[in-house]
1. Scan segment 88-121 for residues that are surrounded by 14 or more Cβ atoms within 10 Å (Cβ to Cβ) and either closer than 11 Å to Ala13 by Cα or acidic (Asp, Glu) (or both) and jot them down.
2. Check off (1) under 15 Å from the mean Cα position of the chain (by Cα); (2) not in a loop (DSSP other than H, G, I, E, B) for Val66 and give me the number that stays unchecked.
3. Which one of Ala49, Ala78 is closer than 24 Å to Asn135 by Cβ and modelled with pLDDT of 95 or more?
4. Collect the residues in segment 248-257 that are surrounded by fewer than 19 Cβ atoms within 10 Å (Cβ to Cβ) and at pLDDT 85 or above, keeping them in residue-number order.
5. Gln42 is checked against (1) in contact with a strand residue (DSSP E or B) (Cβ under 7 Å, 6 or more places away or on another chain); (2) within 27 Å of Leu192 (Cα to Cα); (3) of a type outside the set (Gly, Ala, Ser); (4) not in a loop (DSSP other than H, G, I, E, B) and fails just one. What number does that condition carry?
6. Search segment 236-247 for residues being under 22 Å from Val165 (Cβ atoms) and among the small types (Gly, Ala, Ser), and hand back the single one that is surrounded by the fewest Cβ atoms within 10 Å (Cβ to Cβ).
7. Among the candidates Ala26, Ala47, which residue alone is closer than 14 Å to Leu5 by Cα, surrounded by 23 or more Cβ atoms within 10 Å (Cβ to Cβ) and among the aliphatic types (A, V, I, L, M)?
8. I'm told Cys19 meets every condition in (1) touching a strand residue (DSSP E or B) at 6+ places or on another chain (Cβ under 8 Å); (2) not in a helix (DSSP H, G or I) except one. Can you identify the failing condition by its number?
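The values are calculated or read from the model by the stated rules, or taken from the named source; none is laboratory data. Quantities reported herein were computed from a predicted structural model and do not represent experimental measurements. Backbone-built Cβ (ideal geometry, glycine too); neighbour counts: all protein chains shown.
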Amino acid sequence: MDLGLKDKVAVVAGGSRGCGFGIAEALANEGAAVVLSGRNEQAVSTAVARIRKTGGKVSGVVSDMVAKDGATRIVSAARSAFGDPDILVVNPPGPNRVRGFEESPDEEFRSAYEHWVMTLVQLTREVLPGMKSRNWGRIVDIASIGVKSPHLDDPMYTQNIRVAVVGVIKTLAHEYGRHGITANVIATGPFLTELSRDYMRDAGALSEEQMMSQTAMGRWGRPEEMGSVVAFLCSERASYVSGETIRVDGGYSHSMF
């Protein structure tokens, strides 16, 4: 199936490792010119080298998307390398502290809002004018299954701040759909990445084996599986899918909607 992504320009903010890398690789494999960002220079260089080795068109930028000028730096790098972005994938970092309501101070709620909501807002502001001028654009935010079925293993602020991301995406889908722009959320389940290992270590609740056993498929997700779903959402084939929160979790969540 031709996804119609050849020569599209894609920004994958947070694309140097794990699921972010799987997304960047999938888009490059479909012919998109990809700019991936990360906070670690070595990780960015390694990711770029891996994609180029298989013939992908890719560039990397070392930048913290949460920083005040992070969004401008990332999108400017994309424009310099390949042109104005047609696709934006936001895979933001997040705090891994595991605390209940009474143990979560105000500053952690504010920090989570900056990490998850404002990164999406700021990056979207950078790419929207170009998308509108071309009457085509794709925005995808990588969130958590916590937005669909909150659970006690997650810290308090995860359960409510990430839901705000869904609200932003839904509003973007409604406001800009007439400009050929779609916006969707991925509710991510168990993928065995560095971030997942850090979370399980900090939470001290479930082992890798226990987490895996809770998925309907009895295994961890693979980054390339996430990449395939996101590549489809960014494609011409998904032109009528917008404002949705789509679980990619191997059946981990038990909620129906």
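1. Residues satisfying the conditions are Leu88, Val89, Val90, Asn91, Pro92, Pro93, Glu108, Glu114, Thr119, Leu120.
2. (2)
3. Ala78 is the lone residue from the list that is closer than 24 Å to Asn135 by Cβ and modelled with pLDDT of 95 or more.
4. Result: Gly251, single match.
5. Gln42 satisfies all of (1) in contact with a strand residue (DSSP E or B) (Cβ under 7 Å, 6 or more places away or on another chain); (2) within 27 Å of Leu192 (Cα to Cα); (3) of a type outside the set (Gly, Ala, Ser); (4) not in a loop (DSSP other than H, G, I, E, B) except (1).
6. Per the criteria, the residue is Gly243.
7. Just a single option satisfies the conditions, and that option is Ala26.
8. Status for Cys19: all satisfied but (2).
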